[in-house]
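Enquirer: Below: one structure in structure tokens.
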Amino acid sequence: MSAPMLEVRDLHVSYGGIAAVKGIGFEVAAGEMVCLIGANGAGKTTTLKALARLLPAQGAIHYAGHSILHRPVHALIGDGMTLVPEGRGVFARLTVAENLGMGAYCRDNRAEIAADLDRVYGLLPRLKERAPQLAGTLSGGEQQMLAIGRALMSRPKLLLLDEPSMGLAPLMVQKVFEVIRSVAAQGVTILLVEQNARLALSVASRGYVMESGTIALSDSGPALLANPKVREAYLGE
Amino acid sequence: MDTFIQQIINGLVLGSIYALVALGYTMVYGILGLINFAHGEVVMIGALTALTVIKLLANSDLPGTLVVLIGLLAAVPVCMALGFAIERIAYRPLRLAPRLAPLITAIGVSIVLQQLAMIFWGRNYHAFPPILPTSGRDIGGAHITDVQIVIVLLAVAIMAGLMLLVNRTRLGRAMRATAENPQIAGLMGVNINVIISATFLIGSALAAVAGTMVSANYAIAHYHMGFILGLKAFTAAVLGGIGNLPGAMLGGVLLGLIESLGAGYIGDLTGGFLGSHYQDVFAFFVLILVLVFRPSGLMGEKVAERA
């Protein structure tokens with residue numbers, strides 16, 4: 001079996017003096033969609049931030065066979081690993097088109113960038129209509145689409161998605177997850193952090209359940225959906 | 001009437017210089033949230049560097065305008081190196097410190113630069129050699145020299161260039177993204193340190209131009225000229241809305257006009273009780289009014305409370 005695209009071993013992350021992630025390990029194989037679910041404060045977002053090098057961490061993070069524990073933040077997108085941050089993080093004072101351009105900041109080939117822009121507009125036609133608008137004027141759902149579209153402009157191999165459903169109306173959540181599914185279908189490996197466990201487990205092939213900084217359970221998506229403990233604690237049954 | 005037009009002309013010349021300096025304040029504030037109080041000293045060092053080169057060449061056979069241009073071109077790299085070094089040495093180590101720390105450091109850098117300039121250039125005023133053409137033209141009874149026309153046109157051209165850079169280029173887009181959210185810009189692959197250095201380099205180049213203009217316009221330069229000039233340009237930046245580039249330009253020109261008209265008419269208004277040497281009072285009067293009635297400035301967005 002080939003080495004996984006992302007391999008995390010014994011990861012510790014402290015956040016303001018408090019140990020938020022306490023020695024977790026997991027892996028994501030190329031082409032997989034894996035989700036990390038758990039309650040608020042379980043350490044999911046902290047884990048993603050540590051992977052994106054926004055927070056210092058101890059342990060081992062191997063991406064594409066190399067340790068990235070000391071890579072600078074700005075180098076990772078060029079390596080093919082792109083985070084769509086919690087709260088979307090679009091540049092409100094830049095236009096939609098400029099935001100998408102920021103996703104391709106590290107790339108040089110204009111023809112390829114133009115082709116990818118067409119692809120993103122094809123996937124998210126709403127963004128094309130709004131291209132000259134300031135991103136701050138978009139609705140929450142549109143901003144989430146923009147954040148995903150911007151990440152796609154970097155041609156990611158591994159996409160880290162942090163709470164893409166947060167604060168969105170149910171209909172919009174469905175739309176966002178349709179987009180995520182089609183991105184995965186194009187062969188992009190995805191690590192998804194979600195509080196909406198039912199939705200996350202229904203799209204992901206495998207899932208890890210985080211509880212107060214540790215991984216409590218891991219299994220395939222359908223198996224976790226059927227797991228009585230998961231049903232009781234995270235699916236509200 | 002001719003006094004009025006004359007003061008408008010003087011105000012526009014002064015205002016273009018303020019605008020160039022104000023841009024340096026506002027660009028750094030936009031990206032770092034820091035008032036770079038040492039920026040006025042960069043202007044001063046630009047002025048003295050240019051003047052030193054100009055004096056060296058003043059007795060050569062070169063035409064006066066070319067000599068001034070050479071002085072300007074010498075001042076630009078000196079100021080850029082200085083601005084770069086200030087950020088690297090004084091501000092970067094304090095990037096994560098509470099906001100008061102870099103602010104106090106900025107004041108410290110300002111004092112250090114002023115003292116160094118005093119040691120290097122002495123306490124005396126340096127006169128600008130009379131090598132520039134004194135020709136000019138009359139407009140409605142007022143007089144504008146060709147040098148002043150060049151100052152205004154050059155300032156406008158530089159500001160137009162800056163707006164193109166910020167709004168139309170990859171670097172400019174990265175600068176705006178970094179100003180809005182440095183962490184997310186980093187995730188997009190922007191090396192924040194490069195952007196911050198670029199901001200200081202650009203601001204310092206503008207300071208060099210402004211310094212040369214001031215010394216050419218007033219025919220004088222000295223080691224403490226940066227302090228009051230810096231404060232006024234800062235006022236202009238606040239007037240326009242700190243962090244906002246077009247605001248800095250508008251604020252600069254408005255402040256120049258206010259000062260100039262104020263100085264021109266204060267004698268008449270107070271029956272000769274207050275004279276034109278009260279010119280400096282206007283800038284700070286404006287600063288107080290802005291801070292009280294419109295703290296976000298004329299073009300600024302509402303400033304969030306950031307501790």
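Enquirer: Can you figure out the FRET efficiency of A:Ala75 with B:Met163, using R₀ = 30 Å and their beta-carbon distance, to the nearest 0.05? Mind showing how you got there, number by number?
Expert: On the way: r = 31 Å, r/R0 = 1.03.
With a Förster radius of 30 Å, E is 0.45.
Enquirer: Can you give me the accessible area per residue for chain B, using a 1.4 Å probe, in Å²?
Expert: On the way: 13850 Å² over 307 residues.
Heavy-atom SASA per residue in chain B reads 45 Å².
Enquirer: Simple spin-label model, 7 Å along Cα-to-Cβ: A:Ala111 to B:Val156 in nm?
Expert: 4.3
Enquirer: Here is a follow-up. If I ignore ligands, DNA and RNA and count only protein heavy atoms, how much of B:Phe285 is accessible to a 1.4 Å probe, in Å² to the nearest 10?
Expert: 120
Enquirer: My understanding is that a pair violates if its Cα-Cα distance is over 29 Å; which of A:Lys22/A:Lys175; A:Lys44/A:Lys128; A:Lys44/A:Lys157 do that in this structure? Don't skip to the answer; put the middle values down first.
Expert: Numbers: A:Lys22/A:Lys175 34 Å; A:Lys44/A:Lys128 32 Å; A:Lys44/A:Lys157 21 Å.
With Cα atoms farther than 29 Å apart: A:Lys22/A:Lys175; A:Lys44/A:Lys128.
Enquirer: For chain B, place one equal point scatterer on every Cα, skip the solvent, and apply the Debye formula. What is log10 of I(q)/I(0) at q = 0.08 Å⁻¹?
Expert: -0.35
Enquirer: On to the next question. Quick query: amide H of A:Met210 versus all other amide H atoms, modeled in the peptide plane; which residues come in under 5 Å with a sequence gap of 5 or more or a different chain?
Expert: Amide H neighbours of A:Met210, under 5 Å, 5+ apart: A:Ile37, A:Gly38, A:Ala216.
Enquirer: With an 8 Å cut-off on Cα pairs and a minimum separation of 6 or more residues, tell me the relative contact order of chain A in percent. Mind dumping the intermediate values first?
Expert: Details: 455 pairs, mean separation 65.8, N = 237.
Contact order relative to length: 28 percent.
Enquirer: Starting from the Cα-Cα distance between B:Arg99 and B:Ser60, subtract it from 0.36 nm times their residue separation and give me the gain in nm to one decimal.
Expert: Numbers: separation 39, 0.36 × 39 = 14.04 nm, distance 4.95 nm.
Value of the extension gain: 9.1 nm.
Enquirer: If I compute solvent accessible area with a 1.4 Å probe over the protein chains, what percent of it on the protein assembly as shown is carbon and sulfur? Spell out each step's value before the answer.
Expert: Details: 15000 of 23890 Å².
Taking all protein chains in place, the protein assembly as shown shows 63 percent carbon and sulfur surface.
Enquirer: Am I reading the A/B interface right? What is its buried accessible area, both sides, 1.4 Å probe, to the nearest 100 Å²? Show your work: numbers first, answer last.
Expert: Values: alone 10970 and 14880 Å², together 23890 Å².
Separately minus together, A and B give about 2000 Å² buried.
Enquirer: Relative to the longest principal axis of chain B, what angle (0 to 90°, nearest 10) does the C-alpha long axis of helix B:100-121 take?
Expert: Here the helix axis deviates by roughly 40 degrees.
Enquirer: Take the Cα coordinates of region A:192-237, assign each an equal point scatterer, and use the Debye formula without solvent to give log10 I(q)/I(0) at q = 0.14, 0.17, 0.26 Å⁻¹.
Expert: Debye output, listed in q order: -0.26, -0.39, -0.97.
Enquirer: Only helical DSSP H runs with n ≥ 4 go in: add -39500 (n - 2.57) per run for chain A, normalise by residue count and round the 222 nm mean residue ellipticity to 500 deg cm²/dmol. Show your work: numbers first, answer last.
Expert: Working: 10 runs with 91 residues, N = 237.
The helix-only estimate for chain A comes to -11000 deg cm²/dmol at 222 nm.
Enquirer: Under a point spin-label approximation (7 Å from Cα along Cα-to-Cβ), what is the A:Ser67-B:Phe84 distance to one decimal in nm?
Expert: Going from the A:Ser67 label point to the B:Phe84 one covers 3.3 nm.
Enquirer: Sort A:Ile190, B:Ile31, B:Ile139 from largest to smallest accessible area, using a 1.4 Å probe on the heavy atoms of the protein chains.
Expert: Details: A:Ile190 0, B:Ile31 25, B:Ile139 85 Å².
Result, largest first: B:Ile139, B:Ile31, A:Ile190.
Enquirer: Continuing with the same structure: On average, how much accessible surface per residue is there in region A:135-237, in Å², for a 1.4 Å probe, leaving out ligands, DNA and RNA?
Expert: 39
Enquirer: Here's another thing I want to ask about it. Just round it to a whole percent: the fraction of Cα-Cα distances in region B:131-189 exceeding 17 Å. Display every interim value, and only then the final one.
Expert: Working: 1016 of 1711 pairs.
That tail contains 59 percent of the Cα-Cα pairs.
Enquirer: Can you list the HN-Hα couplings for region B:183-197, worked out from phi with the Karplus curve (6.51, -1.76, 1.60; θ = phi - 60°), rounded to whole Hz and with x for Gly and Pro?
Expert: Each residue's phi maps through the Karplus curve to give 5, 5, 4, x, 4, 7, x, 7, 7, 4, 4, 5, 5, 5, 4 Hz.
Enquirer: List the residues whose amide H sits under 5 Å from the amide H of A:Ala20, counting only those 5 or more places along or on another chain, with H placed 1.01 Å from N in the peptide plane.
Expert: Long-range HN contacts for A:Ala20: A:Val13, A:Ser14, A:Tyr15.
Enquirer: Quick one: if the Förster radius is 51 Å, what FRET efficiency do A:Glu211 and B:Val194 give, using the C-beta to C-beta distance and rounding to 0.05?
Expert: Numbers: r = 41 Å, r/R0 = 0.80.
Computed FRET efficiency for A:Glu211 and B:Val194: 0.80.
Enquirer: Whole number please: convex hull volume per residue, Cα atoms of chain A, in Å³.
Expert: Details: hull volume 29.6 nm³, N = 237.
Output value, Cα hull per residue: 125 Å³.
Enquirer: So which trypsin sites (Lys or Arg not before Pro) in region B:206-307 pass both tests, a DSSP loop state and at most 15 other Cβ atoms within 10 Å of the Cβ? Kindly include the intermediate steps, with their values, before the conclusion.
Expert: Details: sites: B:Lys232, B:Lys302, B:Arg306; in loops: B:Lys302, B:Arg306.
Within region B:206-307, the qualifying trypsin sites (Lys or Arg not before Pro) (loop, at most 15 other Cβ atoms within 10 Å) are B:Lys302, B:Arg306.
Enquirer: With no solvent and one equal point scatterer per Cα, compute the Debye intensity ratio I(q)/I(0) for region A:171-214 at 0.16, 0.20, 0.29 Å⁻¹ and report its log10, rounded to two decimals.
Expert: One equal scatterer on each Cα of region A:171-214 leads to -0.46, -0.68, -1.18.
Enquirer: Could you tell me how many degrees, from 0 to 90 and to the nearest 10, lie between the Cα long axis of helix B:245-269 and the main elongation axis, the longest principal axis, of the Cα atoms of chain B?
Expert: Here the helix axis deviates by roughly 40 degrees.
Enquirer: Suppose R0 equals 60 Å; then what is the FRET efficiency for B:Ser135 and A:Lys229 from their Cβ-Cβ distance, rounded to the nearest 0.05? Don't skip to the answer; put the middle values down first.
Expert: On the way: r = 90 Å, r/R0 = 1.49.
Computed FRET efficiency for B:Ser135 and A:Lys229: 0.10.
Enquirer: Against the 2.2 N^0.38 Å scaling, with N counting residues, where does the protein assembly as shown land? I'd like the Cα-based Rg ratio to two decimal places.
Expert: My calculation over the Cα atoms of the protein assembly as shown gives 1.19.
Enquirer: Given a 10 angstrom Cα cut-off, can you work out which residue in B:Thr169, B:Thr105, B:Thr235 is the most mobile in a GNM of chain B?
Expert: B:Thr169
Enquirer: Using only Cα atoms, find the angle between the long axis of helix A:170-185 and the longest principal axis of chain A, and express it within 0 to 90 degrees, rounded to the nearest 10.
Expert: 90
Enquirer: For a label point 7 Å from the Cα of B:Asp2 along Cα→C-beta, name the residues of region B:120-149 whose backbone N is under 19 Å from it.
Expert: Backbone N within reach: B:135-146.
Enquirer: Which Rg and Dmax, in Å, describe the Cα atoms of region A:26-77?
Expert: Rg then Dmax for region A:26-77, in Å: 11.7, 31.
Enquirer: Whenever you get a sec, line up B:Ser197, A:Ser14 from highest to lowest accessible area (probe 1.4 Å, protein heavy atoms).
Expert: Details: B:Ser197 10, A:Ser14 65 Å².
Heavy-atom accessible area, descending, gives A:Ser14, B:Ser197.
Enquirer: Which whole-number percent gives the relative contact order of region A:49-99, counting Cα pairs below 8 Å spaced six or more residues apart? Intermediate values should be presented prior to the final figure.
Expert: Details: 28 pairs, mean separation 13.8, N = 51.
For region A:49-99, the relative contact order is 27 percent.
Enquirer: Also: Under a point spin-label approximation (7 Å from Cα along Cα-to-Cβ), what is the B:Tyr265-A:Ser220 distance to one decimal in nm?
Expert: 8.4
Enquirer: Once the cut-off is 18 Å, how many percent of the Cα-Cα pairs in region B:1-48 end up in the long-distance tail?
Expert: 46
Enquirer: Could you run the Karplus curve 6.51 cos²θ - 1.76 cosθ + 1.60 with θ = phi - 60° over region B:29-39 and give me ³J(HN,Hα) per residue in whole Hz, x for Gly and Pro?
Expert: For region B:29-39, the Karplus-derived couplings read 4, x, 8, 9, x, 10, 7, 7, 5, 7, 4 Hz, x marking Gly and Pro.
Enquirer: Give me the Kirkwood hydrodynamic radius of region A:141-185, using the inverse of the mean 1/r over all pairs of distinct Cα atoms, in Å to one decimal. Working shown, then result.
Expert: Numbers: mean 1/r = 0.0929 Å⁻¹.
This gives a value of 10.8 Å.
Enquirer: Still on this structure, I have one more. Using a 1.4 Å probe and counting only protein heavy atoms, arrange A:Met172, B:Met213 so the residue with the most accessible area comes first.
Expert: Values: A:Met172 45, B:Met213 10 Å².
From most accessible down to least: A:Met172, B:Met213.
Enquirer: Which residues in region A:180-211 place their backbone N less than 14 Å from a point set 7 Å from the Cα of A:Ile18 along the Cα-to-Cβ direction?
Expert: none
The values are calculated or read from the model by the stated rules, or taken from the named source; none is laboratory data. All figures in this text were calculated on a predicted structure; none of them were measured in a lab. Because the Cβ atoms are built from the backbone with ideal geometry, glycine has one as well, and the counts that use them run over all protein chains shown. Ligands, DNA and RNA are stripped out before the accessible areas are found, and what is left, the full protein with its side chains, is counted by its heavy atoms. Shrake-Rupley method; radii C 1.70, N 1.55, O 1.52, S 1.80 Å.
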